[in-house]
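The values are calculated or read from the model by the stated rules, or taken from the named source; none is laboratory data. The shown structure was predicted, so the numbers you read here are calculated from the model rather than taken from an experiment. Don't worry about glycine lacking a Cβ; one is built from the backbone with ideal geometry, like all the others, and counts go over all protein chains shown.
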């Protein structure tokens, strides 16, 4: 089932000469983990902001469960279906205590108090921050803050979570925490996840990888398939995972190797198998 | 050094004082302040001091934390004390001196009054989470909604201001370090020079505060914030027997102070 549908979406920021989105067609299926990759200014954040009607298209339309995001009367409906996590964890935490912050969205929706309590506890457990529920957010690490922000979105019980570069301001440890949390949510809870990022390695676990450049989708497919297009990726100013890079260079040197072994182990196996077959002859 | 600011700080805990309804605590603070200004004799001050100490003990709040918060007020306290000491007529301590026994008494009481006033307010903010505090205020002031006062918006602004104080302090620290590492000097020179040195800190701080406000608004809207209408609260406020008890105690306390005033105790 399609949960978000982009139909020929164009968008220009007021006062900007260039289109930030230049005709995007994209549909996101329920239960999938979609990574959107692109360098700065590729329009990937603009794309994310269209998913819950923070921005509405200047041309074309975006449908969330069939609801046009430009329909101002149904704005709240769209926003409760699509939860957003932003880049800077400090600027999206509203309250002084972790659990109060997680409760913010359900409170806004008028959920009964006992139900809010239940949702907050559950959401905090899912991101493994339950024991920090009484803490002040400013005393947490970046990764922990970002997990609280994710919990705050989960408590709203959205159908889709869109994360707009959630790891850009985090240290490696925090990045790992956040990415692990996102993967777990997707795998175990069947959440639909859209992850906007410019880190290749964060895309590896995704079901689907969309590459954006200059407001357009330039590649769309499984991460293995997309990363195999090494020339395309490099033309777009993006690097590929080191495993793909290695296989690509070996191929360029004349070895007959496949390019779609993304995981380190898989890559090692492919090379080992090749060595064996060559030596066997 | 900037991290020492204790204004609006909250020490989480699970004591009787923490568990009291925020509305009870706010009303009791008002009662306490009224009592403080009714106190006239040493016995009244002793009672006030004892009550403050009792609340500190019950709430596990260390005197150290109260004194830390008093530091910025030191100047005002000393100034008031000195004025009272020199300008109260009465019997001079030493023949020919301007300082009088009455003056010393007045100034000590003045110090006590200010210290207790601040300590009382700190006890409220130390034992009540800012959210509970603003919720309490919102509920106490909700009758004003009927005459068009935006109570929800005001209290939300307050709690968010409190939320961002530590974040902005951290940021100020960072900006100051950055400027210092490039040779900025904040400590020496006269007042004007130092004020001028602050400008390169304030400008980036304000720019960043505006950016934060913008992002925060988007994040709030993304989480379906649409004003106070139809909003519920996870933490419901219910007055319990302990609140009734605290109220009764507060009323008795105020009554005692007023009675003592009549007898100049």
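Structure data summary
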{"quantity": "Answer from B:162, B:112 - the residue that is more than 14 Å from chain A (Cβ to nearest Cβ), closer than 26 Å to residue B:28 by Cα and surrounded by 16 or more Cβ atoms within 10 Å (Cβ to Cβ)", "calculated": "B:112"}
{"quantity": "Condition broken by residue A:143, with the remaining ones in (1) outside any loop (DSSP other than H, G, I, E, B); (2) within 19 Å of residue B:233 (Cα to Cα) satisfied", "calculated": "(2)"}
{"quantity": "Residue in the stretch A:38-53 that is touching a helix residue (DSSP H, G or I) at 6+ places or on another chain (Cβ under 7 Å), surrounded by fewer than 23 Cβ atoms within 10 Å (Cβ to Cβ) and either over 23 Å from residue A:87 (Cβ atoms) or assigned by TED's automatic domain parsing to the domain that holds residue A:86 (or both) present", "calculated": "no"}
{"quantity": "Residue ranges of helices (runs of 4 or more DSSP H) in the stretch A:156-263 with at least 1 members closer than 28 Å to residue A:119 by Cβ", "calculated": "A:172-189"}
{"quantity": "Those residues of the stretch A:76-100 which are part of a helix (DSSP H, G or I) and either more than 9 Å from chain B (Cβ to nearest Cβ) or more than 27 Å from residue B:134 (Cβ to Cβ) (or both), in sequence order", "calculated": "A:77, A:78, A:81, A:89, A:98"}
{"quantity": "Only listed residue being in contact (Cβ under 8 Å) with a residue 12 or more places away in the chain, away from chain A (no Cβ under 14 Å) and exposed (fewer than 13 other Cβ atoms within 10 Å of the Cβ), chosen from B:251, B:259", "calculated": "B:251"}
{"quantity": "Failed condition for residue B:89, given (1) loosely packed, with under 12 Cβ neighbours inside 10 Å; (2) under 30 Å from residue B:187 (Cβ atoms)", "calculated": "(2)"}
{"quantity": "Check on residue B:164, within 30 Å of residue A:90 (Cβ to Cβ), outside any helix (DSSP H, G or I), touching a residue at least 12 places away in the same chain (Cβ under 8 Å) and not assigned by TED's automatic domain parsing to the domain that holds residue B:78", "calculated": "no"}
{"quantity": "Residue ranges of strands (runs of 3 or more DSSP E) in the stretch A:8-75 with at least 2 members within 17 Å of the chain's Cα centre (by Cα) and at pLDDT 90 or above", "calculated": "A:21-29, A:33-37"}
{"quantity": "Long-range neighbours under 6 Å by Cβ, at least six apart or interchain, first residue within 7 Å of chain B (Cβ to nearest Cβ) within the stretch A:109-123, second assigned to a helix (DSSP H, G or I)", "calculated": "A:116/A:106; A:120/A:99; A:120/A:102"}
{"quantity": "Flag for residue A:85 being within 28 Å of residue A:11 (Cβ to Cβ) and under 23 Å from the mean Cα position of the chain (by Cα)", "calculated": "yes"}
{"quantity": "Single residue of the stretch B:229-248 satisfying the filter (more than 23 Å from residue A:117 (Cα to Cα) and touching a helix residue (DSSP H, G or I) at 6+ places or on another chain (Cβ under 8 Å)) that is farthest from the other protein chains (Cβ to nearest Cβ)", "calculated": "B:247"}
{"quantity": "Inter-residue pairs, beta-carbon under 9 Å, first over 17 Å from residue A:84 (Cα atoms) and in the stretch B:199-219, second outside any helix (DSSP H, G or I), 6+ apart", "calculated": "B:200/B:184; B:201/B:184; B:201/B:186"}
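For (1) more than 24 Å from residue A:104 (Cβ to Cβ); (2) in a helix (DSSP H, G or I); (3) not assigned by TED's automatic domain parsing to the domain that holds residue B:49, each residue gets a yes or a no:
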site	(1), (2), (3)
B:97	yes, no, no
B:106	yes, yes, no
B:136	no, yes, yes
B:142	no, yes, yes
B:146	yes, yes, yes
B:169	no, yes, yes
B:176	yes, yes, yes
B:188	yes, no, yes
